[in-house]
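Undergrad: Quick one: the structure is below, and I'll ask about it shortly.
The values are calculated or read from the model by the stated rules, or taken from the named source; none is laboratory data. The model shown is predicted, which means the values in this text are computed figures rather than measured ones. Cβ coordinates were reconstructed from backbone atoms using ideal geometry, including for glycine residues, and neighbour counts include every protein chain displayed. These accessible areas exclude ligands, DNA and RNA; they are computed on the full protein's heavy atoms, side chains included. Shrake-Rupley method; radii C 1.70, N 1.55, O 1.52, S 1.80 Å.
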Amino acid sequence: MRTAYSVETVRAAERDLMARLPEGALMQRAAAGLAAACADLLGRGRGRVYGSRVVLLVGSGDNGGDALYAGARLARRGAGVTAVLLAPEHTHAAGLAALRRAGGRTVGTTDAGAGSGTRAGTDAVAAVRRADLVVDGIVGIGGRGGLRPAAVPLAEAAERSGAAVVAVDLPSGVDADTGEVRGTAVRADLTVTFGTHKPGLLVDPARAYAGSVRLVDIGLDLPAGPAGPVLEALQHADVARLLPVPGAESDKYRRGVVGVAAGSARYPGAAVLAVAGALRGGAGAVRYVGPAAQDVIARFPETLVSDRGPKHAGRVQAWVAGPGAGDDAGPVAEVLAADVPVLIDADGLRLVDASAVRARSAPTLLTPHAGEAAALLGVEREAVEDGRLAAARELAGRYGATVLLKGSTTLVADPGDGGKGGKGEGTAVRVNPTGTSWLATAGSGDVLSGLAGSLLAAGLPARDAGSVAAYLHGLAGRYAADGAPVGAHDVAAAIPAAWRDVTRG
């Protein structure tokens with residue numbers, strides 16, 4: 001399990017550790033890991049550290065100190081290291097002295113005669129443009145908002161330079177706790193983070209600025225339980241442990257039956273794709289109710305079909321409702337009245353009665369994309385896309401349901417998740433680490449809904465069903481696409497391969 005902790009928790013753990021260590025020891029640990037990562041990157045690019053041009057973008061505080069000490073280590077290995085000091089009067093003094101002793105040099109961020117902080121000096125920008133490696137040590141994990149004006153030209157020059165960019169702990173200008181980016185931020189090729197992942201490294205839009213992420217263990221003692229991580233990402237072993245496996249005594253009914261109430265005369269394909277996902281999700285049987293029965297049977301003759309509506313379809317252990325439903329709210333209402341886990345997707349989200357969801361005693365899983373989430377929250381789509389973590393938590397709390405927010409980083413939030421970070425208690429939000437941009441195709445979400453519904457019927461809690469389904473769906477998308485456009489039916493067909501990959505380790 002990959003976990004991410006809040007800034008407040010990380011700082012508390014750092015304070016506790018520093019109290020037990022000699023002064024400066026923790027920063028030296030971080031700098032050693034940072035320097036090693038930079039050396040590895042230089043070795044892959046130029047083939048050597050010696051003779052490489054390294055530029056450090058140094059802000060105030062410990063983040064800049066990490067960069068300076070790492071720069072000193074690289075300078076001792078023969079790199080030409082230049083530190084651009086954005087706040088000379090607040091530069092980490094010991095780190096700066098170490099860099100100078102190792103032969104590094106410094107430049108300021110303003111030309112002679114320019115107002116302090118008004119624009120980047122020509123020497124600083126020129127150094128960045130000539131660099132083989134740029135180290136972003138401008139702002140630490142406590143930074144809020146985008147870069148200050150003096151740093152913006154340097155970040156822009158680094159992005160245009162062709163140099164490899166390494167961020168210290170996280171890219172400057174992104175929010176460590178929320179993943180939001182409010183203004184200009186550094187775009188890194190590699191982020192070297194210390195002690196634990198920060199939520200912003202795992203959630204878009206900030207994740208897109210981080211590049212690859214390398215975690216350096218500096219010995220932090222991080223808490224578990226309610227005070228533990230605010231975000232977690234499943235890995236293969238976690239998913240394998242959660243997947244349902246039939247026993248020797250199992251039959252199709254003991255394995256669970258998932259009902260699918262989906263499709264319409266206009267959108268019969270949504271029903272077919274939801275059933276396709278459900279058939280590959282671990283339940284023993286799939287019941288379909290709706291107007292697309294002939295289309296479903298033609299494609300999947302093993303499906304049990306009914307034209308009598310969800311109330312009279314027969315026993316099921318979970319329902320999936322909404323994909324391609326059009327404007328028919330009846331099946332959605334019937335499904336919500338059932339005392340079994342229910343997944344609501346697509347048109348069902350528009351038709352659902354919020355009070356009916358909140359009144360349910362059985363689990364409910366809502367699976368909106370950003371546009372649907374925005375409609376449910378009464379905000380613009382951009383607000384959801386810019387603050388995905390906050391949106392998922394808000395929806396889960398407002399509806400009293402588990403929410404799977406689809407998108408570039410799919411999130412799964414339980415109703416208690418809004419309570420982290422000093423706002424109450426709750427379980428960690430799950431972020432999905434698999435997927436491909438080729439999954440942004442019509443019908444892909446219908447397959448995901450069927451898959452998650454089948455896992456619900458097989459007995460997984462809503463949070464596990466949603467996060468395991470997202471993981472398998474993303475992995476299947478990678479297999480199906482293999483770098484080329486893919487259709488939703490291809491994704492469904494690749495789910496067994498993803499399942500085997502996970503369970504075989």
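Undergrad: What residues of the stretch 437-472 lie in the reach of a label at ARG254, counting those whose backbone N is under 17 Å from a point 7 Å from the Cα along Cα→Cβ?
TA: Zone members listed by number: 458-460.
Undergrad: Any idea which of PRO331, ALA498, VAL412 is furthest toward the positive side of the dipole for the chain, if Lys and Arg beta-carbons carry +1 and Asp and Glu beta-carbons -1?
TA: ALA498
Undergrad: What ³J(HN,Hα) values, in whole Hz, does the Karplus curve 6.51 cos²θ - 1.76 cosθ + 1.60 give for the stretch 446-458 when θ = phi - 60°, with x put for Gly and Pro?
TA: Taking θ as phi minus 60°, the curve returns 5, 4, 4, 4, x, 4, 5, x, 5, 5, 4, 5, 7 Hz for the stretch 446-458.
Undergrad: Related question: Tell me which aspartates and glutamates have Cα within less than 16 Å of LYS198's Cα, excluding those fewer than 8 residues away on the same chain?
TA: GLU8, GLU14, ASP169, ASP175, ASP177, GLU180, ASP217, ASP221, GLU232
Undergrad: Let me make sure I get this right: for the stretch 67-223, a, b and c are the square roots of the gyration tensor eigenvalues over alpha carbons, sorted descending. Under 1.5 in a/c it's rounded, otherwise prolate if a/b > b/c, else oblate. Which is it? If you can, show how the numbers build up before the last one.
TA: Working: a/c = 1.68, a/b = 1.25, b/c = 1.35.
In terms of gyration-tensor shape, oblate.
Undergrad: In nm, give the distance between the simple-model label positions of MET1 and ALA224, each being 7 Å from the Cα along the Cα-to-Cβ direction.
TA: With each label placed 7 Å out from Cα toward Cβ, I get 0.8 nm.
Undergrad: Count neighbours as other Cβ atoms within 10 Å of each site's Cβ, and list the trypsin sites (Lys or Arg not before Pro) in the stretch 267-354 that are DSSP loop with at most 10 such neighbours.
TA: Within the stretch 267-354, the qualifying trypsin sites (Lys or Arg not before Pro) (loop, at most 10 other Cβ atoms within 10 Å) are ARG308, ARG315.
Undergrad: Collect residues whose amide H, placed 1.01 Å from N in the peptide plane, falls under 5 Å from the amide H of LEU220; neighbours closer than 5 in sequence don't count.
TA: Under 5 Å from the amide H of LEU220 lies no amide H from a residue far enough along the sequence or on another chain.
Undergrad: Can you list the aspartates and glutamates whose alpha carbon is less than 15 Å from that of LYS252, not counting same-chain residues fewer than 8 positions off?
TA: Straight-line reach from LYS252, under 15 Å: GLU302.
Undergrad: Heavy atoms only, probe 1.4 Å: what % of the accessible area of the stretch 303-388 goes to carbon and sulfur, would you let me know? Intermediate values should be presented prior to the final figure.
TA: Working: 1820 of 3740 Å².
It is 49 percent, rounded to a whole number.
Undergrad: Here is a follow-up. Residues of the stretch 14-49 with the amide nitrogen closer than 19 Å to a label point 7 Å from the Cα of ARG77, along Cα-to-Cβ, please.
TA: What the label zone holds, given the 19 Å backbone N cut-off, is 27-49.
Undergrad: Starting with the highest mean, order 404-412, 364-372 by the number of other Cβ atoms within 10 Å, averaged over the residues of each peptide. All intermediate terms of the calculation are to be shown ahead of the outcome.
TA: Details: 404-412: 25.2, 364-372: 23.4.
Final packing ranking: 404-412, 364-372.
Undergrad: Here's another thing I want to ask about it. In the full protein assembly as shown, how much of SER250 is accessible to a 1.4 Å probe, in Å² to the nearest 10?
TA: Accessible area, nearest 10 Å²: 40 Å².
Undergrad: Given ALA233, ALA72, VAL181, which one lies farthest toward the positive end of the charge dipole of the chain, if we put +1 on the Cβ of every Lys and Arg and -1 on the Cβ of every Asp and Glu?
TA: Toward the positive end, the furthest listed residue is ALA72.
Undergrad: Now for a different question. Please give the charge dipole size of the stretch 151-260, origin at the Cα centre, charges +1 on K and R Cβ atoms and -1 on D and E Cβ atoms. Round to the nearest 20 debye. Each step should come with its number before you reach the end.
TA: On the way: 10 positive and 14 negative charges, 72 e Å.
Using only the charged Cβ atoms, the result is roughly 340 debye.
Undergrad: Once you put a point 7 Å from the Cα of THR122 and another 7 Å from the Cα of GLU380, both along the Cβ direction, what distance in nm separates them?
TA: 4.0
Undergrad: Here's another thing I want to ask about it. Go ahead and estimate [θ] at 222 nm for the chain from helices alone: -39,500 (n - 2.57) per DSSP H run with n ≥ 4, summed, over the residue count, rounded to 500.
TA: Working: 19 runs with 202 residues, N = 505.
Counting only the DSSP helices, I get -12000 deg cm²/dmol.
Undergrad: Through the Karplus equation 6.51 cos²θ - 1.76 cosθ + 1.60, θ set to phi - 60°, convert the phi angles of the stretch 137-153 into ³J(HN,Hα) values in whole Hz; use x for Gly and Pro.
TA: In residue order, the calculated couplings are x, 6, 10, x, 6, x, x, 10, x, x, 5, 5, x, 5, 8, 4, x Hz.
Undergrad: Something else about it: Which Cα, out of VAL49, PRO268, GLY397, lies furthest along the positive dipole direction of the chain (beta carbon charges, K/R +1, D/E -1)?
TA: Farthest along the dipole direction, towards plus: VAL49.
Undergrad: Still on this structure, I have one more. Order TRP438, TRP499 by their accessible area, 1.4 angstrom probe, all chains in place, largest first. The partial results should precede the final answer.
TA: Details: TRP438 100, TRP499 50 Å².
Ranked list, largest accessible area first: TRP438, TRP499.
Undergrad: Follow-up question, since we're still on this one. Would you mind working out the magnitude of the charge dipole of the chain relative to its Cα centre, with +1 at each Lys and Arg C-beta and -1 at each Asp and Glu C-beta, to the nearest 20 Debye?
TA: Numbers: 52 positive and 50 negative charges, 251 e Å.
Dipole magnitude for the chain comes out near 1200 debye.
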